[in-house]
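Below: the structure, in structure tokens.
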Amino acid sequence: MIVSLDWLKEYVELPGDLDELTERLTLTGLNLEGVEQVGDDTGVDLEVTSNRPDCLGHIGVAREVAVIWDRELKVSGPEPKASGAKGLGSLEVQAPELCPRYTARLIRGVKIGPSPEWLANRLRTLGIAVINNVVDITNYVLFECGQPLHAFDYGKLTGDTIVVREANNGEKFTAIDHKEYELAPGTCVIADAEKAVALAGVMGGADTEVSDETVDVLIEAADFAPLSVRNTARRHHLHSPSSYRFERGVDPLGIDWASRRACELILELAGGELAGEVADSGETYTKPDPIKLRFEQIERVLGIGVPQEQVQKILTDLGCEETHICDHCIKVIAPSWRADLTREIDLIEEVARIFGYDRIPEDAGVRMVASQRTQQDRVQDRVRSTLVAAGFYEAMTLSAVDESTVDWIRPWSQAEPLRVSTPVLRRADCLRQTLVPSLLAARLHNEKASNPTIELFEIASVYLPQAEGLPEQKRVLTITSGGSYLELKGVLEAAVFSVTRASAIRNAELEVSPAEFELLDPGRSGLLTLNGKPLGYLGELSEAGLKKAELRNGCSVAEIDLDLLIETAELVVTAVPLSTYPAVSRDLNIVVDECVTWAEVESITASAGSELLESISYQETYRDAKKLPEGKKSLLYGVQLRSSEGTLTSERADGVRDAIVEALGKQVGGELRA
């Protein structure tokens, strides 16, 4: 927001030193971007944060100056003289949710011409093009109070009527930039009896723009829904000072003030007669509820006390309406132009910035209590720590992906992806349903840069379309590694076991079953379940998968449902005394059918091994058509047994081994190889 110092002086007495002015404004939230001399005037560029649209006009900035330096704010109410001229024929607001209020005043018999030098110079200071007196006045009022206006050539409107409605499907509109746009359903437009004549809150139309031949002018002042304006401006790449302000919200009580101010200036500079009748769809402004500020909270939050009288003066100077004050609190109603003031902490912030952040000592004691960390935060931190300890780096990728990667792998949904109206990057317009393509793209980038280690993981959301309502937002953990299927499986087990009681030794809560994904090698991939619920998948990329991802070296991927992990997490650390007695090992060579997986054998062994079983270690799978029956394979693995009560005897260890063999024989037809 560029501010003209000559203009600002009309509303408030400024300090003599420009550096003092800009420094204090910066300390109170209006950061200095730059200063430029324009003719005899000075333009000061201030950064206005999105929560302060009231400072997007000179009066708003002057109000801040008046409060900071305790000066008088000189703003008078405009009072244009109306005549008996006929006003707008009719006004119909068909989309009140997109336009809470619409007003229109008609001035007949204006004389279009150049603006006076004082007005033109002020617009030039702000970098605004000078066009003609009527258009310049609408721009002038916008930068004066922050309320956008629009002037229509009333003679070019069809039907003596204004209709605020949604655009028709496929409706065409020619803007004042003389480009034609096809409007999407839901776009709010201002129309006459036949066609759209303006994009609400964004830009006027070429058919009704004010020109040298204009005689009658209709002045629009309205309030448009911020989201509607933002969507329209972005969809058509039509960003303007008006859309910038409507996107952030306007003062509901400033709409009529701006309309009257513009009419006052037009009558003064362009002549004409103002119709006495005002077209107004008027939604009555309702004051917000009072906000209570406890004086003790100021010291608790800021670390210093502020006198009650000063707190009262700061809030009332800012425009707040006091409704109650006593020894321990004050209640105020926020002014209409400060929609950002809704809570006690907002008032504390106002007191702090006007009182002066520089008056708060660096060593001020602020009483704080750490908030309770959520289960999600604790689980994610523990999973992150486990993966970082295993040598992985955390990645952060975009939520939108190229459509060509959507079909690479679909573990969570087969529905068509959601699309964004404006691509985040070139062709990246689909909300991702998996993180795998994004991490494979990061891996490819690192391969091209010859980075030797590319072990990556990411925790983020995927977006799954639903038949009705909003999409399901699932939080997932995705890992890509240069290691093999078994190596990544071990890393993934460590991450899962770090937050759950699941264990491949004592229980079989984490299970692996065959998976079929085009991107993955069917012999080295699997679906994961946790406590019987689908958890995710892991596997090595197949040759086709490596080709699709354009990777030179082998790669394994895994993706799990982090929400399920959070749901089943048990984060209380438990410990048992370590046994002081030696362990006893037994090797087993079990012959089973080819269709029997190691996961099944491991699960049965864990269940049959009783409390003496300490660990299971896979060694190898042996196949030999000459020494083994057809369709059979031999699994060689070891078990380690230990007791906490005494040294295990060979007989007792053999008994555990025999129980395991018996269980394997009953459940999967396994036999101990001779």
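A compact table of results
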item: Selected residue (criterion: least open to solvent (accessible area, probe 1.4 Å)) from residues of the range 275-293 that are modelled with pLDDT under 95 and outside any loop (DSSP other than H, G, I, E, B); result: A275
item: Residue tally, condition open to solvent by 80 Å² or more (accessible area, probe 1.4 Å) and either modelled with pLDDT of 95 or more or outside any loop (DSSP other than H, G, I, E, B) (or both), over the range 75-113; result: 2
item: Those residues of the range 581-596 which are under 25 Å from V656 (Cβ atoms) and either touching a strand residue (DSSP E or B) at 6+ places or on another chain (Cβ under 7 Å) or free of Cβ contacts under 8 Å to residues at least 12 places away in the same chain (or both), in sequence order; result: A583, V584, S585, R586, D587, L588, N589, I590, V591, V592, D593
item: Scope the range 628-661; condition assigned to a helix (DSSP H, G or I) and either farther than 17 Å from A599 by Cα or open to solvent by 60 Å² or more (accessible area, probe 1.4 Å) (or both); matching residues; result: S650, E651, R652, A653, D654, G655, V656, R657, D658, A659
item: Every residue from the range 573-601 that is within 45 Å of the chain's Cα centre (by Cα) and more than 18 Å from S644 (Cα to Cα); result: V573, T597, W598, A599, E600
item: Condition met for A599 (without any contact (Cβ under 8 Å) to a residue 60 or more places away in the chain and among the aliphatic types (A, V, I, L, M)); result: no
item: Residues located in the range 427-455, provided they are among the charged types (D, E, K, R) and part of a loop (DSSP other than H, G, I, E, B); result: R427, R432, E455
item: In the range 621-645, residue modelled with the highest pLDDT [restricted to those that are more than 60 Å from the chain's Cα centre (by Cα) and farther than 12 Å from V591 by Cβ]; result: K626
item: Selected residue [within 25 Å of I304 (Cβ to Cβ), touching a residue at least 12 places away in the same chain (Cβ under 8 Å) and over 26 Å from the mean Cα position of the chain (by Cα)] from I333, I345, I325; result: I325
item: Any chance R52 is more than 34 Å from the chain's Cα centre (by Cα), closer than 22 Å to G254 by Cβ and surrounded by fewer than 21 Cβ atoms within 10 Å (Cβ to Cβ); result: no
item: Count of residues meeting criterion [free of Cβ contacts under 8 Å to residues at least 12 places away in the same chain and either open to solvent by less than 20 Å² (accessible area, probe 1.4 Å) or hydroxyl-bearing (S, T, Y) (or both)] in the range 157-183; result: 0
item: Output for the range 327-342, where each listed residue is more than 25 Å from G57 (Cβ to Cβ) and either open to solvent by 40 Å² or more (accessible area, probe 1.4 Å) or among the aromatic types (F, W, Y) (or both); result: D327, H328, K331
item: Pair list, Cβ < 6 Å and 6+ apart or interchain, from the range 228-246 residues that are over 12 Å from L142 (Cα atoms) to residues that are in a helix (DSSP H, G or I) and of a type outside the set (K, R); result: V229/S243; V229/F246; V229/E247; R230/E247; A233/S243; H239/A233
item: Matching residues, the range 662-673, being touching a helix residue (DSSP H, G or I) at 6+ places or on another chain (Cβ under 8 Å) and either at positive phi or open to solvent by 60 Å² or more (accessible area, probe 1.4 Å) (or both); result: E662, Q667, E671, L672
item: Residues located in the range 584-612, provided they are in a loop (DSSP other than H, G, I, E, B) and open to solvent by 40 Å² or more (accessible area, probe 1.4 Å); result: E594, C595, T597
item: Residues being touching a residue at least 60 places away in the same chain (Cβ under 8 Å), surrounded by fewer than 12 Cβ atoms within 10 Å (Cβ to Cβ) and part of a loop (DSSP other than H, G, I, E, B) - total across the range 369-426; result: 4
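The values are calculated or read from the model by the stated rules, or taken from the named source; none is laboratory data. Here the structure is a predicted model, which is why all the values come from computation and not from measurement. Here Cβ is always computed from backbone atoms with ideal geometry, including for glycine, and neighbour counts include all displayed protein chains. Surface accessibility is based on the protein's heavy atoms, side chains included, excluding ligands, DNA and RNA. Shrake-Rupley method; radii C 1.70, N 1.55, O 1.52, S 1.80 Å.
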